[in-house]
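Report on one structure; see the data block that follows.
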C-alpha cells in the first residue's frame, strides 16, 4: 500500500523504520514543525523528519491540518492509508476520511485504558501490572476507535517510563504490519472499545514532577520511575544561601516506620539518602545536582555530605 506516515518523536520513528523495511511504500511524512531547543534555542528537526529525509521521503510540517489548502495537499497524495504515531496534531474528520482505507493509530496502551497524551508514564505511575500497544482505526473521538491488533507486556517493579517506552516501541512495529496486512487482505475484524473501562492520560508538566513528601513512599517511587527519563522528579535541598534543585532518577522503598516529618533525611550513607515520606521512607539512589551529571547517591555524598546530613529537610 501507499502510506502517509504522521509522527514526531523517537517512538514514532521506530514505527516509520518498520514501514520502510516492509513491502509498503511511504509516499509522504507529516511531522511537527521544527522547534527551538537547547540553550541556543536553535530549531531542531524531529526524529521522524530526520529519518524521512535520510530516505528521500517528502516531508510536510503544517502547524495545523484544519485549513482547506493543507487538506487538499494531503488528498492529492492519493494514499491508501495514513498511519499516525504520536503525531501531536488533531486530525479533523476531513483528513480521517481522505485515505481510501482511513487512518490507523499506534497507541501505547491497552485501550481503553489510558487514552490521551501520556499513556506510558501514567501506566507506571498508577502501578499497572501490564501495558501494551493497540493498533486502532481512528475516528473523531480521542483514542476511541475500534482496535485491530494489540500486543501485551508486563510492567516490572523496576520499569521506568523509558524502559517501558522502548519495549512498547519494539512491540508496535510488528503489530502495525499485522494490522496493515489484515486491511490489505480484507480480513480485518476491528473490535469496538468498552468505554466503561476508559481512563485519560493527561499530558505531563514539569511542575508535576515536583515531589510531595507528604505522599506515601510507594506512590512517590512509582512517580520517580514513571518520570524517568522525562521530565525527571525533583525536590529541593538547602545549600548556603538558597535552596537548590535535586533531580531524582531512582529510589527504593524502605518499609519501616519512622516518626520524622515528611521530607526529613533520616540517614545518609553508602546505601543512599533515606528520606521520610507520608508513609514509610524512600532511599534515594541516583541523583543529579544542578549543573552536574547524574550519579549514585554515595558518590554525591563524598562532596556534599553536609547538605544531606540526617535531620536536613528536603522540599
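Throughout, read-outs are computed from the coordinates displayed, never taken from laboratory work. This is a predicted model, so every value here is computed, not measured. Here Cβ is always computed from backbone atoms with ideal geometry, including for glycine, and neighbour counts include all displayed protein chains.
Summing -39500 (n - 2.57) over the DSSP H runs of n ≥ 4 in the chain and dividing by its residue number, what mean residue ellipticity at 222 nm do you reach, to the nearest 500 deg cm²/dmol? The helix contribution divided over the chain gives -8000 deg cm²/dmol.
Nearest-5 percent of antiparallel DSSP beta bridges in the chain?
Percent antiparallel among DSSP bridges in the chain is about 70.
For a modelled paramagnetic label at residue 191, 7 Å from Cα along Cα-to-Cβ, the residues of the stretch 102-134 in reach, with backbone nitrogen under 13 Å, are 110-113, 133-134. Taking the longest Cα principal axis of the chain as reference, the axis of helix 161-185 is set at about 10 degrees. Of interest is the spacing of the C-alpha centroids, which for the stretch 3-54 and the stretch 187-241 amounts to 26 Å.
The value of relative contact order for the chain, using C-alpha pairs under 8 Å at least six residues apart, is 13 percent. Need one word for the stretch 57-144: rounded, prolate or oblate. Basis is the Cα gyration tensor (sqrt eigenvalues a ≥ b ≥ c); a/c below 1.5 gives rounded, then a/b vs b/c decides. It comes out prolate by the Cα gyration axes.
Length available on full extension from residue 42 to residue 252: 0.36 nm per residue minus the Cα-Cα distance, which gives 71.8 nm.
Label positions at residue 271 and residue 239, each projected 7 Å from the Cα along the C-beta direction, are separated by 2.6 nm. Taking the 0 to 90 degree range and rounding to the nearest ten, how far is the long axis of helix 217-226 tilted relative to the main principal axis of the chain, both from C-alpha atoms? So the inclination is approximately 40 degrees. If R0 is 22 Å, what FRET efficiency do you get for residue 200 and residue 139 from their C-beta distance, rounded to 0.05? The formula returns an efficiency of 0.85 here. Under the classification rounded if a/c is under 1.5, otherwise prolate if a/b is larger than b/c and oblate if not, where does the stretch 207-304 fall, given a ≥ b ≥ c as square roots of the Cα gyration tensor eigenvalues? Since a/c stays below 1.5, the shape of the stretch 207-304 is classed as rounded.
Between residue 129 and residue 306, the FRET efficiency from the beta-carbon distance, with R0 = 30 Å, is close to 0.10. To the nearest 10 degrees, how steeply does helix 10-20 sit against the main Cα axis of the chain, on a 0 to 90 scale? Taking the Cα atoms of the chain, the angle to 10-20 is about 30 degrees. For the stretch 120-259, rounded, prolate or oblate, judged on the Cα gyration tensor with a ≥ b ≥ c (square roots of eigenvalues), a/c < 1.5 rounded, else prolate if a/b > b/c? It is prolate, given that a/c is not under 1.5 and a/b is the larger ratio.
Residue separation times 0.36 nm, minus the C-alpha to C-alpha distance between residue 35 and residue 97: what's the value? Before the final figure, lay out the partial values.
Details: separation 62, 0.36 × 62 = 22.32 nm, distance 2.90 nm.
Gain in length upon complete extension: 19.4 nm.
Between residue 219 and residue 178, the contour length at 0.36 nm per residue exceeds the alpha carbon distance by 11.1 nm.
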